[in-house]
Structures are given as C-alpha cells and as structure tokens.
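Structure record follows, encoded as structure tokens.
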Amino acid sequence: MKNNYRRTIWVLLLLVACLFFVFTQNMLAANNMERSSFSFQQEVSGKVTDTDGLPISGVLVSLKNTTSGTLTSLNGTYHLIAPEDGILVFSFLGFKTVEIPINYKTEINVHLEEVVSILDEVQINAGYYNTTRRERTGNISRVTGAEIELQPVVSPLQALQGRMAGVEINTGGVNPGTASTIRIRGVNSLREEGNYPLYIIDGVPINSTPIETNSIIGFAGMDPLNNLNVSNIESIEVLKDADATAIYGSRGANGVILITTKTGKTLGTGLEARIYTGVSTMPNRLKLMNTKDYLNVRRKAFENDGEEPDEYNAYDLVLWDQDRYTDWQDLLFGGTAKTTNANLVFSGGSENTSFRVGGSYFTQGTVYPGDYNYHKITGDMNINHRSKDNKFSINLSLNYGIDFNRLVGNVSLNDAVLILPPNAPAIFNTDGSLNWEEWGAANLDNPYKGFFNTTNTESNNLISNLGVSYQIFSGLKFKTTLGYTNYNSEELFMLPSRSYNPGDNVTNQSTHLSSNRNSWIMEPQFIYKTKLNKLHIDALIGATLQENTQFQQQFQAVGYASESLIGNIAAAKNIINAKRSEAEYRYSALFSRLGINWNRKYYINLTGRRDGSSRFGPNNRFANFGAVGAAWIFSEEPWIEKLEPFLSFGKFRGSYGTTGNDQIGDYGYLDAYEATVGPGGLYPTALANPDYSWEINKKLEVGIELGFIDDKIRLSLSRYRNRSSNQLVGYSLPYTTGFNSVQANLNATVQNSGWELEATSFNINTDDFKWQTSFNISFPKNELLSYPNIEQSSYANTYRVGHPLNISLLYEYTGLDPETGFYTVRDVNEDGSFDYQDRIIIQDQNKEFYGGINNTFSYNNISLQFLFEFVKQEGRIDLFDAGSPYNLFERDLTTPEEEDGFQTISQSYDAYEGFSYVLDTNFLKRDASFVRLKTLSVSYSLPQKLTKVVKLKEGKIFLQGQNLLTLTSYQGLDPDLPNSTSGFRNLRTISAGLQINL
Amino acid sequence: MKLNIIQRIGMIIFLAASLISCEDFVEVETPNDKLIRTQVFEDDATAKSAMVGIYNQLRLAAFSNGSRSSVTLLSGLSADNIRNINTTNFTRMEFEQNELLPNNPNNLDIWSSAYNMIYMTNSLLEGLENSEKITAELKTHMEGEARFVRAFTYFYLVNLYGDVPLVLTADYSVNELISRNTETEIYEQIIYDLNESTNLLSADYPNGERTIVNKYASTALLARVYLYLEDYEKAEELSNQVILANSTYEILDNLDEVFLANSKEAIWQISPIGSGGQVSHTNEGSLFIIDPIFSFLASIQLQDEFVNSFTDQDKRFTDWVGYHPGKDAFFAYKYKIGNSSEFPIKEYSMVLRLAEQYLIRAEARAKQGQISEAIDDIDIIRGRAGLELLADIHPTITQEELLNEILEERRKELFAEWGHRWLDLKRTGKATEILGENNAFWENTDVLYPIPSEERMKNPNLSQNNGY
C-alpha cells in the first residue's frame, strides 16, 4: 500500500511538472507576441535564388500577418522595411513558400525549392544526378526507407520482394545472412556469375558478389549488404533502362541498385528509439503419410514384387518399430526463430549543419534444431554542412556494421530428413549424441551426420563516403566524392569427430576462412546548370578512379586431440589445403550527362561513359558506352490541357543505349600459372586470350506515364527490350590444345523483353482517412537469340537457342508401361539409352508474370498497410516414389493402383529406373502460381495529448506480419521455390514493437 | 562571360588529361596466387615449381592417376586380366567387351588428360627456351624431365590410338585444327625426346625420391620403345644399362616391398602427394583392393582364367592376389593400402620398375637367338616368384616356346600395371588370337581405341580409326 501511494504521488508530481512546463511555454509565447507590437522597424535586404543558385525574379516577399511586401528584382534581390522581430514570407508560383523570422538580421538570402505537382516533389536519385518522377527520361523504381524499415530482414534487399516492377528477388533461404539473388529485368549473361547488378551505397560501389562461406549457406554465399542497418536507409532506387544505367558504363548491364542512407534533417535535436521483437515459424507442412499408411505401401511393394522383405531390403518393415511415428518436419523445421531489433538515432542540426548518429542491434534465430543464431550491431553517422552563402557544402557518411553468424556447417538439414520413413529411429540418443547404432543396424548413416559441425562467421563492414561541393559561380558546381570501403570476414568451421560415425575414423578438424575486400573511389565532377529563355540545360562531366583489392585465405587444420581444442591451430596435428587468392581491380572512367529541356515540356537526356578496366584484356582495355533518352510531357500541350482535370499528366518517354558487363573475373586474360593441389607445384590452368573483354547490353525502352483526376491515379507503363551480346563464354576447342575451351567473347545474344506496369492511386484522401493503393506487375520474357555452335560448347545441355536461359530439358512422359505398370519415357532417337538427345521437352522455369499490390490505410492515429505478392509460374513436384523406403505424399490408398496415374508400388530396380526417369519429365509439371500476403503492418501513433504528457514528440506502437498467408495450389512447401518440393525460403514472422521520438 | 568559357575549356582539358593518365591506372599487378608464364621461368624456384606441378598433376591426370579413367584400369579391362564386378557400368563395360563407342567418356578422359599433360610439358619447354635467367644446370635437368614426360605421354597415345596429332607447342591457334601424324612420326619424336632426356639427366635421385625422373627412367622407357619397335639390339643394350646400375636398382626378394615408396626396384613412381595431402594411398590401391567390410564399393576383380594360370607356389599369387570370400572374388593386391590419410606416405604408384627391364632384355635376347641369356633373365623373375628355374626344368626350350613363356611371365609379373597386357597382346599380334577367342564381337580393328567423337566434332581434320 505504501508503495502504491508513493507511486501516485510521483505521477501527480510529474503531471504538475508537465502542466507547469506547458503553462510557462504558453506564457513565453504570449510575452513574445506582446513584445512585437512595441518593436522597432529596420531595413532588410537579400537575394532569392533557386536550389541551383540561379536568381529568381518576381518573388513576393511579404511581412507575415500584414499586407506590406515587395517583389524581387531581375537579379533576385529585394529590399524592404520591416519590424526587427517580424517574419518574412517568400512566395512564388511553382516554389515552396518559405517563412523566415527577421530576428534583427539585415540581410536574409533565401533558396526556394521548386514544387510543381506531386510528381515533382520527390527527388529521385539517378546516381550522379537527381531527377523527379515528372522529368525523368529513364526508368527508375524507388522504394522509401519507411516502407521497409520495420521488416525483420538481415539484408535490405530481402525487403524489396513484390515492391518493384521488373525487379525479381529470390531470397536465398531461411538461414540468416544468406545472399538473395536479384535480377533486374532478367538474366543477361550466360555465365551465372555475370548477372549481379551494380550496388552503390551513398555513391560508393560495393562488390555485389556474395561472400564465400563454408557454412550451410555456402551455396548461395553471404550477402555483402548484411552489415547495413535496414532502418538507416532513406531510399532504394533501381535503375533499369539504358537512359538510367548507361552512365554506369561497363558496369550497368544488369541494372544498378542505389542505396541512400539517411541524413540529419531536423532543425533542433531529436532522439528516435525503436525496438521490436518477433517470432518466425515455418508456416506449413507437407502432407506426408503416417506410419501405418507408409508401412502398408511398403508391404504392398513387396507383395507386388513377389519378394520377401528382409533386414537388407526392408529394414523399415523388419528391423524398425512398426508403431513408432516421428514427424520429421517438426523435428527439422518445427522450431521458432526469434528476432529482435533495437534502433537508436540521435539527429539534429542548425540552419547550416545537420547530423545523424545511429546505432542498432539485430538478432535472428533459425527454425532448425540446434543453437544457431545471427547477431548484428551497426553504427552509422552522417554529418552535413553548408556554408552560409550556400556555396560550399560537405557531407560525410559512415556506415559500420559487425555481425556474428553462427550456423550449422555445410550440412544439409533438409531434403534427406524430410522423407525419412516415419518409423525411422531417433536421430539423437537421450544424451544428445547422434544415434549411430540403430541406423547402423539397417546399414544406414545417421541422416544428421555432421550435425555438430558449426561455423562462426564474424564479419565487419565499413562504408564511408565524403562528398564536397563548391559552387564556382552561379550555375557551375564542382563536386567530388571520396569513398572507402572495407569488408572483412573471419570464419571458423568446426568439425568435431562426434559429428561422424565412430567407424569413419574422422578426427576433430577445423576449416579457417578469411575474406577481405577493400576499395576506394574518387569521383570529381563538374555540374553546370543554366537557362536560356525556355531552354534548361543540365550538364555533368566527371571522372572515376577506383581500386578494389580482395583476398581470400583458407586452410584446414586436422587431428585435434579433443573437441575443445578445435580452432586452436597450435593444437592441430596437421595444417593442410592452405589456399590464398587475391585480386586487384582497377577502374577508371570519364562520364558525362547532358540533360536539356524546352519549357519543361520536351526533354532530351544524353549520357555517356568511357571506361577502362583492369579486367579487360590488354588489347581491349577501354570501351565507350552511352545512351539517349527523351521525354515529351504532352499534357503540357494546349490541345490536351482541355482534358484536365481528368487527364492531369501525360508523358511519353523512350531511351536507347549501351551498357556493359565487366563481371568477368579478374585476370581472366592472363597466361598464368597457379598452384597445384599437390604441394609446391605450379601449373597452367587455362588457355589465355588477351582479347578478352566485356559483354554488351543494348537496351531499348519506351514508356508512357499518365496522371488522372489531379494525379490521384498515376500509371506508368513500360516496354523494354534488352539484348546482351558479346557474351564471354568458353569458346570450345579440341583437347589437342590442352584444354577444351578458351574464354572469348562470342557472338551469342540473350534477349530480355517485357512489359512493366506501375500504378498508384490515392483512393481516399481526407484529413482523417487516407487510402492509397499501389500496384506493379511485370511480364518478363527471356530468350537465347543466338549461340553459334552451342552443341559443341559446355552449354550444350544447359541452354537451347530460341528458348529462355532458365529452362529444364526433360524427357517426354509416355505413360505407364501396360505390362509392368512402371513409368516410361520416350527414347527419341531409339538408341536404347536415355541421354540429353532424348530430352526434347523444354520447360520454361521463368515466371510468366509477377507483381505486388500494396494498400495503405490511415485513419487518424491508426495506419494499416499490407502487401500482396503474386506470381504466375510453373513448378515441379516429387515425393511419390511409392515402394521405396522413403516417405511420400498422402494419397488415397483405396484407389486401384492402375487408376491413380502413379506407377505400380514396387521396390524393384525397374520401378526405381522408371521413377528416376520420370523425375526428368513433364509428368511432374504443376502450376506453382501463388498469391502471398507478404507483409501486413498495423501501427498506432499515440495521441498527442498522451505524448505531450510524457514529453514525447511522437510515439508509435506497431505490429508487423510477414508471409501470413499464401494462396496456392502448389503441393510443395513453398511455391517461391517451385522446383523443389521440400525446399523453402520464407518463414512466417510476427513482430511487435514500439517507437518513440524525443 | 568570356572567362567562363575559358574556365570551361580548361575544365575539359583537365578531365581529358586525367583520362589519359588513366591508361596506366588500369594496369594491375599479377596477384600472388597467379604467375604469368614468362615470370614463372625467370626464377629458379618458380621454374622448379612448374616441374613439381607436372609431377603433381600426373597423380591427378585421368590417364596416369591409376584410377577410374586411367590406362591401368581401362586398358587392363580391354585385355584379359581384370574385369568389372558391376556389369551395368556401360562406359567401362565397353572397354571390357572391346566394343568401344567413339563417344565413350572414359576414352575422352584418357585423350584429354594426355593432351593436357602434353600442353603442360610444351608450356614448360617453351618457357625454358625463352628464359635466360634460369641457371644452366636447372634448365638442363628440367628440360630432360619435361621431355621425358612428353615422350611418356605420347607413348601411351600412340599405342592406344595409333596415329595421333603431334602437338609440340602451347599455342592453341596452331593446335586447334591439327591433323593426325603417323605412328612413325610420333615414335621419332618419342625417341628424340628420350635421347635428349637421357643426355640431359643425371643418374641419381635428388633426396632419394624416385618420383623424380632420372637418366635411367629415360633409358628404361627407351628400352621399352625399342622393344615395341622390334629393334631388339637397342632394346637389349638399353635395358642392360639399367640392369647394370645395380647400386641403384635391385630385384627385391620380398614381393610385399616392391610397391613401397622409393623401393629399390622402382625406376619411376608417382606419389599420392599430388592429390593435396589429404590422403596418402595410391589410386590403384583404392581401386583394386576389395575392402573386407565395404565390399559393395568394389568395382574390379581379377578374371578367373588369369587367377587359375598361377601355380600355387607362385609368390605373385600368394602376395599380389587378394581374395574376398563374401564376393568370391580375387583382386589385385600389389598395393596393400586402399585408404589412408597417414603420413609419411608408404606406397607410391609404380610406373617403371626393374623387373620389366629384365623382361625386356629377356625378350630382346630371345628374339636375337640368345636363348640361354634370355633364360637367365626370365629366371631372375621366376626365381623371385618362387618358381622353378627354366634353366633347371626346361633348358632346351625353343625360341618360340621361350617367347610365349616371356609373354606369360609378363602377364603375371605386370598385371594391373599400366595396361601392359593390352599393349603386349597388341604389339605381339596376339590380341585377336587370345582376346577374340572369348569374344564373339572381336574385330581386328579393336586393337586401337577410337578418336573421341567430341574431339572430331571440334576439329574436322581429325580422321577416325578403322572400325569405328
């Protein structure tokens, strides 16, 4: 009781203090007002310019709450008499109105920002320059930080799924840290490793190749953007067409992803703190057979085969418990992964200087068994300063992140376990060790062999950028950026002997891997803006010098005496397989842009770049790239203005140009020797071609952008066609040359074409209630147009001319053999064997179309946002190998065998053969289209009455859900992985959090 | 505004100038995990490494590694000593049944790995030739070693395929459309290379490691070449030179010691170290030995007819033939270690050994009518095997009987080694007689393997062997 009483007193005191504070604030304000009526008059003069420093004439400069005022002269100057504590209001059509208190100053210079319509408000980052939705001639998609910052993801790219037209994101899996695959308008290069887009963070290019690891995510690698703080992202822009990407020259072929981090903006200081926590689970299960049904099927197999089950061919029937049931899916991914994110930002600024300092902590677990998790700590800082006359500005941004990823090492925790017989023995003994005995009795290895292997990966990443700009004279600006990045990761992969069957005699081992990536870049630029009557000219010329160095080092240490010593290499018996590779990449370029427009109606944008790259052969070091883009805002034409307000905006735009792909590996042209696997040796590993050079991507695009009903509905439709040629592939050679190919640029062409539609609609826009819908859809088409002599190349069984790159070559399913009841496939050339010559069915594995619909509602303090992602595609399904000792999909066992379309239940070799052939046929084709509620978030802003009481600027509670619902007819675990029945890469996550601003 | 124009021009000049300087900027140094070929041969240490690389790669190259695509296995299958346990491995069955198809992938493995080895030797020889910085002594030695490896590789190519392209440069534009040279031209080159290498090499083994080629290895291979070319005088003379080097080589009494690393009987061996140091067993060991427990992994066994040809007291049967009761299969057990990661390495893969030199000299002498000398030589081999000596039991043997006896001893002595039996049957013209007996599909043209079809697709100038 006493305590409660005391608490009440405290609360009351606090309330009184608040009231007192509010009261005094009001008093002060009242005092101020009173004083103004007694104030003295003084002279004020100054100059009004636009953001480019060009003077604006005719600006109305008025004194607030009075009728007195003046207009600026031709050179933008004004002069008037006003009270020393008055407020000046600068207003001019097409520009934002600005209010500035005089505060005894005699000179007040003002920059006015342009504003025409909603289309113009948002500045779009085009890399070296900014544009707006209205004025852009190229195709740029944009996602703001606000849309993604609450998503519980490690890398920001994972949050982009379904949000942009033409941008296809495949997350690498559910293990934290896995690299996502991003394809902007399809696959351009025949080489898998030649399809990464260019990542640029605050103007600094980041190597987009995933980082090698020995952990379970080794296949996809680690995402180089893991160490970024998702909450610190202001916007992500994706450059797609030639107009937008050609300025990136030989690196723009696969599109460019620009990530801009937040800067301090507020006047005064502010503190923002946010925390959320959530749980992720695997949302669904495969419907597999239970023990009884499974064993029935197995018995049936022996019955059909006329064989007697024994301990070798039927351990599940003879040796194992007939009633035991394990839900292997629960064991495998039935866990709960916890996510927590805390974010703290302190920002502030005065008129000329602003800063932002932030820190964050993020942790995520996995749904797999075992103690695996991911931690990330980031720190970022941004300082921005402008000189008083606005001529000089400097901007420094630092992003630093360190993460610790503890994952199971290099062991698949997936497919093999999922389809185990439901009555298989336990994986673990009661003491937690792996159960070898029971499995061994059936002549099997424990499927969790290697389970105790772990990888500990620690990586840290610094991305820093310093930008300096100086206005030399009105219209001409010199700007330079200096960037430095450093990525370092250290990985310890521990393989204790208890992970392995004692009979295998595996000793305690470890594998050590370190990777380092370092780069610096310098980009001096001149920017010139001028206006001649109605002709606006924006010109840019700049140069790039860049150097990347990287190395990777790996070795194995074997024979530790005990598990606790693993990692301490001094205690290892032997160090073997030591490897080190390093690479240096140097790049220089000259780039320029000329953007001209007539009366803000006709636009032409010319961009070009001359590149020199150390990756190109000595005979081909330099290359030129360029593009032309044009736009016509036809809604500005008098004859169409009549249609207003129904048609409020209309623009045609088009672009054509060339970009290159220099992701061709370093030193590919060198006639070099490398170390042999055996110690102390060197040997030539490939034939050298000094003419080796980049791939070229020629991009063509046309688009139309429309705004209806005062821009309440906005549409943007694009049609594109990109042709990627000069493909760097292995030119096939007979082995008499020593090797079977030499890397060379071949006249092979890959075409990506398609339609993209993006639409936004402000359905309801009242003060209380707002509803906005945005929609995007892409219809991509990929085709290998030509490839001379593909039959002789190493791609003979991978690609087919006239078809997409992402295909699978299949046999033709010819039904069940009437005699045996087993699957049959067609032997096309009737040579008695089945090989690639018989695989005549070509299945397109690309998405037919994909997109997303995002809705945002807000009603007073509550806002609701949800994003649906949808995909139309085909997939495959398996798990119907009835008769073999593996579990399979539930099926109606009362249906006579010959009627359900599946082959006779059997364990014979012929049945196995039939099944293994049918796996590569069209028989497995299934629709794998889906609609998924990708994100759903609800937030509630605390009412001001409340926030005032607790002295908060703002307070917000939010609830966020990921992958809550999936509508699909696909039988596999995740239609996002349509070719793998048992694969998955999306978890259902529900998180809740709180944000306060002070 | 005039100034502005000047400024603008100045700006452009500045940028243009900075771009010109960029030409140099994009030159990068080679990283330390790669060495440009010319640099490799500018320094003794790196040049030496290039030769070590060749030795290492011999353990990895398909034709020479003793594993699943090696001459040892595939040519072994083509003859009558060994056979597949698993008859569903069609590509290997094609060798066993002498029904090779031109698209057989194992056949391509032999071809491609052999030409890759030739590329390495050519690249090294070119590097040496153009280098002025390497000490003369090293240059001499390395040239000898590389010429030996090239000749050795061509020896198998010419014996397996007949006419083959003679590639003597690393330049792919030259080799891309090369035609086949005659067997005679190939042998001329082999003899030239081996003579050169005999002159260039010394007689000792550095550090006692018999994995490094020396003068005698070269002589021993040349003795075999002359035997194959039926120049018996030279074959006798050269094998004699090797046999006389009795401080270096001897016939070991204990058969279990013959295949040990650096055994006194070894003239040239390939070390398992080339596979990287994870394992220390020979591929022959892991391929041929049938593990008592993991017998399901076994793929090769000895043919019964061959096993039956041994007499019971033959030590080569008791010591070099293993038996797996579960499989009821005999297997080659010359190498005793099938799986090991223990160091130091106990066994090396044998390529050339002294016993073969005695057999060469015996045959060369028999062919020249020196019957009793030939009997002495063959008795060295029989005696070591614990058999009665010909000199005791059959001193009046005729030349023809003796030659048959030599062929039989070669079979028993050299089985499961480098396809000796296949090459012996082929060169003595007995392939049809012996192999055709049990094979209804046998054709005389089967003595040569087909030129791989993939190779002919890429190079239209390559003709095919008869019968394919």
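A short reminder: the numbers here are calculations on the coordinates, not readings from a lab. Note that the coordinates shown come from a computational prediction; the quantities given were computed from them, not determined experimentally. Methodologically, a virtual Cβ is constructed for each residue, glycine included, from the backbone with ideal geometry; neighbour enumeration extends over all protein chains shown.
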Could you check the spin-label model distance between B:THR398 and A:ASN103? Points 7 Å from the Cα along Cα→Cβ, value in nm. 12.5 nm
Here FRET efficiency (C-beta to C-beta, A:ASP691 to B:TYR192, R₀ 25 Å, nearest 0.05) is 0.10
Peptide A:666-675: average number of partner chain Cβ atoms within 10 Å per residue? 6
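Sort B:47-54, A:567-574 for me by packing, meaning the mean count of neighbouring Cβ atoms within 10 Å per residue, highest on top. Each step should come with its number before you reach the end.
Details: B:47-54: 23.0, A:567-574: 14.2.
Taking the mean over residues of other Cβ atoms within 10 Å, the ranking is B:47-54, A:567-574.
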Charged-residue dipole, Cβ positions (Lys, Arg, Asp, Glu), the range A:498-585 about Cα centre, Debye nearest 20: 260 debye
Report the net charge of residues surrounding A:THR77, where surrounding means a beta-carbon distance below 14 angstrom and charges are Lys +1, Arg +1, Asp -1, Glu -1. -1
Charge tally for neighbours of A:GLY738 with beta carbon under 11 Å away, counting Lys, Arg as +1 and Asp, Glu as -1, is -2
So what is the 222 nm mean residue ellipticity for the protein assembly as shown from helices alone, if each DSSP H run of at least 4 adds -39500 (n - 2.57) and you divide by all residues, rounding to the nearest 500 deg cm²/dmol? -7000 deg cm²/dmol
Residue by residue through the range A:978-983, which ³J(HN,Hα) values in whole Hz follow from phi under the Karplus form 6.51 cos²θ - 1.76 cosθ + 1.60 (θ = phi - 60°), with glycine and proline marked x? x, 9, 10, 4, 9, x
Within 10 Å of each Cβ of B:350-361, how many other protein chain Cβ atoms are there on average? 0
To the nearest 10 degrees, how steep is helix A:291-305 against the longest Cα principal axis of chain A, on a 0 to 90 scale? 40 degrees
Need the full-extension length gain, A:GLU582 to A:ILE957, defined as separation in residues times 0.36 nm minus the C-alpha distance. One decimal, nm. 130.1 nm
Report ³J(HN,Hα) in whole Hz for each residue of the range A:748-763, in order, from the Karplus equation J = 6.51 cos²θ - 1.76 cosθ + 1.60 where θ = phi - 60°; Gly and Pro get x. 9, 10, 10, 10, 10, 9, x, 10, 9, 10, 10, 9, 9, 9, 8, 5
Place a point 7 Å from the Cα of A:GLU458 in the direction of its beta carbon; the residues of the range A:370-395 whose amide N falls under 14 Å from it are A:375-377
Rounded to the angstrom and largest first, Cα extents along the principal axes for the range A:40-115 equal 34, 20, 17
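Could you sort the peptides B:264-275, A:909-920 by per-residue average Cβ neighbour count (10 Å cutoff), highest mean leading? If you can, show how the numbers build up before the last one.
Details: B:264-275: 23.3, A:909-920: 17.3.
The densest-packed peptide leads the list: B:264-275, A:909-920.
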The extension gain from A:ASN65 to A:ASP767, computed as 0.36 nm times the residue separation minus the Cα-Cα distance, is 250.2 nm
First measure r as the distance between the Cβ atoms of A:ASN313 and A:THR820, then evaluate 1/(1 + (r/R0)^6) with R0 = 25 Å and state the FRET efficiency to the nearest 0.05. 0.85
Modelling each spin label as a point 7 Å along the Cα-to-Cβ direction, I'd like the A:ASP831/A:THR530 distance in nm, to one decimal. 7.1 nm
Rounded to the nearest 20 debye, what is the charge dipole size of chain A about its Cα centre when +1 sits on each Lys and Arg Cβ and -1 on each Asp and Glu Cβ? 5320 debye
A:ALA220: net charge of surrounding residues, Cβ under 13 Å, Lys/Arg +1, Asp/Glu -1, itself excluded? -3
Can you work out the Karplus-derived ³J(HN,Hα) for every residue in the range B:222-229? Use 6.51 cos²θ - 1.76 cosθ + 1.60 with θ = phi - 60°, whole Hz, and x for glycine or proline. 5, 4, 5, 4, 5, 4, 5, 8
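What average number of partner chain Cβ atoms lie no more than 10 Å from the Cβ of the residues making up B:107-118?
Values: counts 0, 2, 1, 0, 3, 6, 1, 2, 7, 8, 1, 3.
Average per residue, whole number: 3.
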Along the charge dipole of the range A:40-115, pointing to its positive end and built from +1/-1 on Cβ of Lys, Arg, Asp and Glu, which listed residue (A:LEU63, A:PHE90, A:THR51) has its Cα farthest out? A:LEU63
Students often check this: by mean Cβ neighbours within 10 Å, which of A:960-971, A:95-106 ranks highest, and how do the rest follow? A:960-971, A:95-106
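As an exercise, use a Förster radius of 60 Å and the Cβ-Cβ distance of A:GLU636 and A:LYS948 to find the FRET efficiency, rounded to the nearest 0.05.
0.80
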What distance in nm separates the two pseudo spin-label positions at B:ALA136 and A:LYS287, each 7 Å out from Cα along the beta-carbon direction? 8.7 nm
Rounded D (µm²/s) - chain A, Kirkwood Rh over Cα pairs, Stokes-Einstein at 20 °C, 1.002 mPa s: 66 µm²/s
With viscosity set to 1.306 mPa s and temperature to 10 °C, compute the Stokes-Einstein D of the range A:120-265, Rh being the Kirkwood radius across alpha carbon pairs; µm²/s, no decimals. 102 µm²/s
Among the lysines, select those whose C-alpha is under 20 Å from the C-alpha of A:LYS847, and discard any that sit fewer than 8 residues away in the same chain. A:LYS240, A:LYS781, A:LYS872, A:LYS925, A:LYS934
